[in-house]
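Please read the structure below before turning to the comments.
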Amino acid sequence: MANKKERTLVVLKPDAVQRNLIGEIIQRFERIGLKLVAMKMVVASENHIEKHYTLDPEWRRKVGEKTIKGYKEKGQSPPSEDPIKISKQVLEGLVKFMTSGPMIVMIWEGAHAVKIVRKLVGGTEPLSSDVGTIRGDYVLDSYEMSDTDGRAIRNLVHASGSAEEAEIEVNHWFSPDEIISYRLVQDEILYDVNLDGILE
Ligand code: ADP
Ligand code: MG
């Protein structure tokens, strides 16, 4: 059975704040029916960002493999065939990028929250992410540009990759008293079985 209170961590990275896209991006999560249950503006420390990305011990391998695949799908050769080597440069770039200015950190709640948010956010590389997604619609970066410049891809948003990852990330960024449980009137039209309170 679907967990109607599934939670996911979303971070609007410094580029989203600088490009005045906070409202535009938040609107996409609001209008699909998810509920905002925590939000703050932060300037993160280097240590906090490094920890955030290495909470998953497999992340280094996965980010390297995804990058290599991204190059090969375009018929290009990756900067290295070693995923761990690639991930080292990616992490250094991410630490610089994600500490460069304020970010908005949020928790969104609802059925399938993790998958729904990933769908709205789109693939990691803006160049190849689908039209209609946040990364596909609002930014134009590519692996080619970011790797040549030795920096992180500027793709506006971080979103948890799985419900387990989300739980760990939520704990990394928020204390329990910063998360608010509340009812929205719209919850009924999304989740109620009978909808018997509408007609007078
Ligand atoms: P996602 O954010 O889509 O879950 P990952 O967890 O694989 O992607 O990577 C984390 C972040 O690292 C990405 O959002 C992007 O900003 C950056 N990144 C990933 N791969 C590269 C790369 N090859 N070069 C530069 N930056 C990268
Ligand atoms: Mg990720």
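Which condition number in (1) open to solvent by 30 Å² or more (accessible area, probe 1.4 Å); (2) within 16 Å of ligand 2 (Cβ to nearest atom); (3) of a type in the set (Gly, Ala, Ser) is the one that Ala166 fails?
With (1) open to solvent by 30 Å² or more (accessible area, probe 1.4 Å); (2) within 16 Å of ligand 2 (Cβ to nearest atom); (3) of a type in the set (Gly, Ala, Ser) applied to Ala166, the lone miss is (1).
Return the pairs, sorted by first residue and then second, in which the second residue is open to solvent by less than 50 Å² (accessible area, probe 1.4 Å) and assigned to a helix (DSSP H, G or I), the first residue lies in the range 171-185 and is in contact (Cβ under 8 Å) with a residue 24 or more places away in the chain, the beta carbons are less than 7 Å apart, and the residues are 6+ apart or on different chains.
His172/His52
Take Lys35 and decide whether it is touching a residue at least 12 places away in the same chain (Cβ under 8 Å), of a type in the set (Lys, Arg) and within 15 Å of ligand 1 (Cβ to nearest atom).
no
List, please: which pairs have Cβ atoms under 6 Å, are six or more places apart or on different chains, and start with a residue in the range 145-170 that is closer than 16 Å to Arg19 by Cβ and touching a residue at least 60 places away in the same chain (Cβ under 8 Å) and end with one that is of a type in the set (D, E, K, R) and more than 9 Å from ligand 1 (Cβ to nearest atom)?
Final answer for the pair search is Arg154/Asp15; Leu156/Asp15.
From (1) surrounded by 19 or more Cβ atoms within 10 Å (Cβ to Cβ); (2) within 13 Å of ligand 1 (Cβ to nearest atom), pick out the condition that doesn't hold for Met106.
(2)
So the check is Cβ under 7 Å with 6+ separation or different chains; which pairs have a first residue in the range 44-55 that's more than 17 Å from Val17 (Cβ to Cβ) and free of Cβ contacts under 8 Å to residues at least 60 places away in the same chain and a second one that's within 11 Å of ligand 1 (Cβ to nearest atom) and open to solvent by less than 60 Å² (accessible area, probe 1.4 Å)?
Glu46/Val95; Glu50/Leu91; Glu50/Val95; Tyr53/Trp59; Tyr53/Leu91; Tyr53/Leu94
So which residues in the range 78-98 are outside any helix (DSSP H, G or I) and either within 11 Å of ligand 1 (Cβ to nearest atom) or at pLDDT below 95 (or both), if there are any at all?
Correct list: Pro78, Pro79, Ser80.
Is it true that Arg154 is of a type in the set (Lys, Arg), open to solvent by 80 Å² or more (accessible area, probe 1.4 Å) and within 25 Å of Ser45 (Cα to Cα)?
yes
Of the residues Glu50, Glu24, which is within 16 Å of ligand 2 (Cβ to nearest atom), of a type in the set (Asp, Glu) and under 16 Å from the mean Cα position of the chain (by Cα)?
The unique qualifying residue is Glu50.
Residue by residue through the range 164-182, note down the ones that are touching a Lys or Arg at 6+ places or on another chain (Cβ under 9 Å) and farther than 18 Å from Thr124 by Cα.
Scanning the range 164-182 gives Glu167, Val170, His172, Trp173, Phe174, Glu178, Ile179, Ser181, Tyr182.
The values are calculated or read from the model by the stated rules, or taken from the named source; none is laboratory data. If you're wondering where the values come from, they're calculated on a predicted model, not measured in any experiment. Because the Cβ atoms are built from the backbone with ideal geometry, glycine has one as well, and the counts that use them run over all protein chains shown. Accessible surface is based on the protein model in full, side chains and every heavy atom, while ligands, DNA and RNA are left aside. Shrake-Rupley method; radii C 1.70, N 1.55, O 1.52, S 1.80 Å.
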